[in-house]
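Structure first, then comments.
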Amino acid sequence: MFDKYLGIGGKSFMSNNVIIVYQDRDGVCEFHCFSGGSGKDLTEAINTFLSAMRVEYGRAVTYYDNPRINDISHYSLFPTVVRKIDDGEDRTYEMEFILGEPNGCGK
């Protein structure tokens, strides 16, 4: 499935035990994580990913169901806003990361 996603132009980022897939949604980087590691691995991967994405995006967002993920916001290198949105499966929560002004290399 992952190979098919990449085959149709899907974008990904890999860091140790974490794969992050992402796409542009009206100028916002929407991403989703697949983690085979620890919470620390996940947090480090997200911080590394967002640091790279800030070149193109001022904001990033992810959606999830597990409330334990909310704790990641405490370890983010970027300001975060967590909202409970109850928008169906895999969309109970929304975490928005404020990356700042893009560095002029993209959208």
Need pairs with beta-carbon distance below 7 Å; first residue within 23 Å of Pro102 (Cβ to Cβ) and within the stretch 15-35, second among the small types (Gly, Ala, Ser) and surrounded by fewer than 17 Cβ atoms within 10 Å (Cβ to Cβ); sequence gap 6+ or separate chains.
Ile20/Ser12; Val21/Gly10; Val21/Ser12
Taking only pairs six or more apart or across chains, which ones have beta-carbon atoms under 8 Å, a first residue in the stretch 67-95 that is touching a residue at least 40 places away in the same chain (Cβ under 8 Å) and closer than 15 Å to Glu44 by Cα, and a second residue that is loosely packed, with under 15 Cβ neighbours inside 10 Å and among the aliphatic types (A, V, I, L, M)?
none
Thr80: within 11 Å of the chain's Cα centre (by Cα) and among the β-branched types (Val, Ile, Thr), yes or no?
no
Any idea which residue in the stretch 75-89 is surrounded by the most Cβ atoms within 10 Å (Cβ to Cβ), counting only those that are more than 16 Å from Ser51 (Cα to Cα) and not charged (D, E, K, R)?
Val82
Confirm whether Val61 is farther than 14 Å from Phe97 by Cβ, aliphatic (A, V, I, L, M), surrounded by fewer than 19 Cβ atoms within 10 Å (Cβ to Cβ) and touching a Cys at 6+ places or on another chain (Cβ under 9 Å).
no
Which strands (runs of 3 or more DSSP E) does the stretch 39-107 wholly contain that include 2 or more residues that are within 21 Å of Ile19 (Cα to Cα) and hydrophobic (A, V, I, L, M, F, W, C)?
59-64, 93-98
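Read the figures in this text as sums done on the coordinates, not as results from a lab. Being a predicted model, the structure only gives us computed values, none of them experimental. Cβ coordinates were reconstructed from backbone atoms using ideal geometry, including for glycine residues, and neighbour counts include every protein chain displayed.
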